[in-house]
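Student: Please see the structure below; I have some questions.
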Protein chains: 2
Amino acid sequence: MFTSRAIGFVGSPYKSTGEIPKGLGAKHAAEGVLKILPEFEVGLTDIEGFSHLFVIWEFDRSDRVELMGKPPSDNRAHGVFATRSPRRPNPIGLTVVELLRRDGGELHVRGVDMLDGTPILDIKPYLSGVAMEKLRRGWLAEAEARG
Amino acid sequence: MFTSRAIGFVGSPYKSTGEIPKGLGAKHAAEGVLKILPEFEVGLTDIEGFSHLFVIWEFDRSDRVELMGKPPSDNRAHGVFATRSPRRPNPIGLTVVELLRRDGGELHVRGVDMLDGTPILDIKPYLSGVAMEKLRRGWLAEAEARG
């Protein structure tokens, strides 16, 4: 296995978890900056050609693992792997962002849902989605239907 | 930072990297099994309601970092964060799979592109994509256009 290391840090308007729109279905339109460390900047070469990116990051302020938990978008408990809870066996977060522009080692993006200062582990190009008509959204669709 | 730990392992038809359809735009239709360790199985509760999952896994057979490299789908070098190269600062892979069925701790899925025995770090529900008409695919689109 490996020990994680930050390739950069998130500049986000969210300073505390209470400010972040919560839940599996929450919409994230906040703008932020992915500040990549100078030693990794060359790894961003040609990234500006992609409109959307996967950002893989660390829940660095999560302090425990909880295999079952109640997410903000439901009043029932679900397995951690069926939610986006921060209390995961590996504290890894995943966010799809829209790349607005690049300034050297700074990627200006829309769609951040991380806390300010969150360590970034990886960035990958986002290439395609699953067609909406083929998607089933499990307990979230049920929770939404219940109101 | 954290030290990664496997929550399970991938059962895949691919025993060597040469067998895996390569490149950012490769289509992956292979079926495989995500075998989750018994101690983490309760974390799968309610996962069967989702049609598609993100699988976060470890490039456990990658032996170095390469910030610039030539991907299989192009004859030009690109930054590692604009590719899916295994030679990443954090050796983390990401795959979207379709969940076919669950048998206890075994998730039968379509769309694996990992080697057999790959350690799984996390699973998250896949909820929505970016509309194709809003997506730009950077150097990959250019490489495809060049033929």
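The values are calculated or read from the model by the stated rules, or taken from the named source; none is laboratory data. Keep in mind that this is a model prediction, so the values were computed, not measured. Glycine also receives a Cβ, built like all others from the backbone with ideal geometry; neighbour counts cover every protein chain displayed. What goes into the accessible areas is simple: the full protein's heavy atoms, side chains included, and nothing from ligands, DNA or RNA. Shrake-Rupley method; radii C 1.70, N 1.55, O 1.52, S 1.80 Å.
Student: Find the accessible area per residue for region B:81-122; the probe is 1.4 Å, ligands and nucleic acids are left out, and the unit is Å².
Tutor: Ligands and nucleic acids excluded, the result is 28 Å² per residue.
Student: So what are the protein assembly as shown's ellipsoid semi-axes, whole angstrom, largest first, if each one is the square root of 5 times an eigenvalue of the alpha-carbon gyration tensor? Could you put the intermediate results ahead of the total?
Tutor: On the way: eigenvalues 146, 108, 71 Å².
Over the Cα atoms of the protein assembly as shown, the ellipsoid semi-axes are 27, 23, 19 Å.
Student: Right, another one. Counting only other chains, and only Cβ atoms inside 10 Å, what mean value do you get across the residues of B:34-47? Present the calculation step by step, with values, prior to reporting the outcome.
Tutor: Working: counts 1, 0, 1, 1, 0, 2, 6, 3, 5, 14, 6, 10, 13, 8.
That works out to 5 on average.
Student: Enter the Cα centre distance for the pair region B:68-85 and region A:102-147, rounded to the nearest angstrom.
Tutor: 23 Å
Student: For B:PRO13, go 7 angstrom from Cα along the Cα-to-Cβ vector, then report the distances to that same point in the other copies in nm, smallest first.
Tutor: List, nearest first: 4.8 nm.
Student: Then there is this: Determine the share of chain A's accessible area contributed by carbon and sulfur atoms, expressed in whole percent, with a 1.4 angstrom probe.
Tutor: 50 percent
Student: Give me the one-decimal nm value for the distance between modelled label points at A:LEU100 and B:ARG110, 7 Å along each residue's Cα-to-Cβ direction.
Tutor: 3.9 nm
Student: Counting protein heavy atoms only and a 1.4 angstrom probe, how many square angstrom of accessible surface do chains B and A bury in total, to the nearest 100?
Tutor: Separately minus together, B and A give about 5700 Å² buried.
Student: While we're looking at this one, here's another question. Please list, short to long, the whole-number percent of alpha-carbon pairs of region B:25-111 in consecutive 5 angstrom bins beginning at zero.
Tutor: The distribution over region B:25-111 is 3, 13, 18, 19, 16, 13, 10, 6, 2, 0, given as percents.
Student: Right, something else. Could you check the simple spin-label distance between A:MET68 and B:ARG87, using points 7 Å along Cα→Cβ, in nm with one decimal?
Tutor: So the two model labels end up 4.7 nm from each other.
Student: Using unit Cβ charges (K, R positive; D, E negative) and no other charged atoms, how large, in debye to the nearest 20, is the dipole of region B:68-136 about its Cα centre? Please list the in-between numbers first.
Tutor: Values: 11 positive and 8 negative charges, 74 e Å.
That gives a dipole near 360 debye.
Student: Can you compute the helix-only [θ] at 222 nm over chain B? Use -39500 (n - 2.57) per DSSP H run of at least 4 residues, normalise by all residues, nearest 500 deg cm²/dmol.
Tutor: Calculated mean residue ellipticity at 222 nm is -1500 deg cm²/dmol.
Student: Shifting gears a bit: Among chain A residues, which Cβ is nearest the axis of the A-onto-B rotation, and at how many Å?
Tutor: Closest Cβ on chain A to the axis mapping it onto B, in Å: A:GLY129, 1.
Student: Here's a follow-up. Quick one: dipole size for region A:1-131, taken about the Cα centre, charges +1 on Lys/Arg Cβ and -1 on Asp/Glu Cβ, in debye to the nearest 20.
Tutor: 580 debye
Student: 7 Å along Cα→Cβ for the label point: how many nanometres lie between B:GLU142 and each equivalent label in the other copies, listed shortest first?
Tutor: With the label placed 7 Å along Cα→Cβ, B:GLU142 yields 4.8 nm.
Student: Can you tell me, using C-alpha contacts under 8 Å and at least 6 residues apart, the relative contact order of chain A as a whole percent? Walk me through the numbers on the way to the answer.
Tutor: Details: 267 pairs, mean separation 54.2, N = 147.
Relative contact order, chain A: 37 percent.
Student: Turning to a different aspect of this structure: Please give the direction-averaged projected area of the C-alpha convex hull for chain B, in square nanometres with one decimal.
Tutor: Mean orientational projected area (chain B, Cα hull): 9.9 nm².
Student: Once fully extended, how much extra length lies between B:LYS134 and B:LYS15, figured as 0.36 nm per residue of separation less the alpha-carbon to alpha-carbon distance?
Tutor: Here the answer is 39.2 nm.
Student: Please give, to one decimal in nm, the separation of the simple spin-label points placed at A:GLU48 and A:ARG61, each 7 Å out from Cα toward the Cβ.
Tutor: 3.3 nm
Student: Within region B:45-62, list the residues whose amide N lies under 14 Å from a label point set 7 Å along Cα→Cβ of A:ALA141.
Tutor: Under cut-off, by backbone N: B:47-53.
Student: Counting pairs of alpha carbon atoms under 8 Å apart in space and at least six apart in sequence, what relative contact order in percent does region B:92-147 give?
Tutor: On the way: 24 pairs, mean separation 11.9, N = 56.
After rounding, I find 21 percent.
Student: Right, something else. Compute the Kirkwood hydrodynamic radius of region B:79-147, taking the inverse of the mean of 1/r over all pairs of distinct Cα atoms, and give it in Å to one decimal.
Tutor: Here the Kirkwood hydrodynamic radius works out to 15.2 Å.
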